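The values are calculated or read from the model by the stated rules, or taken from the named source; none is laboratory data. Values in this document were obtained by computation on a predicted structure and should not be read as measured data. Virtual Cβ from ideal backbone geometry, glycine too; neighbours counted across all protein chains shown.
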Amino acid sequence: MTEAAKADSQTESERLDVTADQAIAACGGDLRSTIRALILANEYLEHEVCDLMQAVSHAYTRGRLKPYSG
């Protein structure tokens, strides 16, 4: 069975369980390390989103980007 076929046959819950197991395995089975790594990854992504939002806002105020007119 191909990866695409496996992904299609898995429920969202099963996919999350597999992903959680992979994260735990990547941290050597240590749940505290896994949680810390996930928190750090989330904080990094939040920081990136803030930076991107500021960049987009500045671009709009400088007139580089035109608002979407649908």
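General remarks:
- Residues in segment 32-59 that are among the hydrophobic types (A, V, I, L, M, F, W, C) and modelled with pLDDT under 95 were compared, and the one that is farthest from the chain's Cα centre (by Cα) is Ala59.
- Of all residue pairs spaced 6 or more apart or on separate chains, those with beta-carbon atoms under 8 Å, a first member in segment 11-29 that is free of Cβ contacts under 8 Å to residues at least 12 places away in the same chain and a second member that is in a helix (DSSP H, G or I) and of a type in the set (S, T, N, Q) are Ile24/Thr34; Ala26/Thr34; Cys27/Ser33; Cys27/Thr34.
- The residues listed here are Gly29, Gly63; of these, the one that is over 16 Å from the mean Cα position of the chain (by Cα), modelled with pLDDT of 75 or more, assigned to a loop (DSSP other than H, G, I, E, B) and not hydrophobic (A, V, I, L, M, F, W, C) is Gly29.
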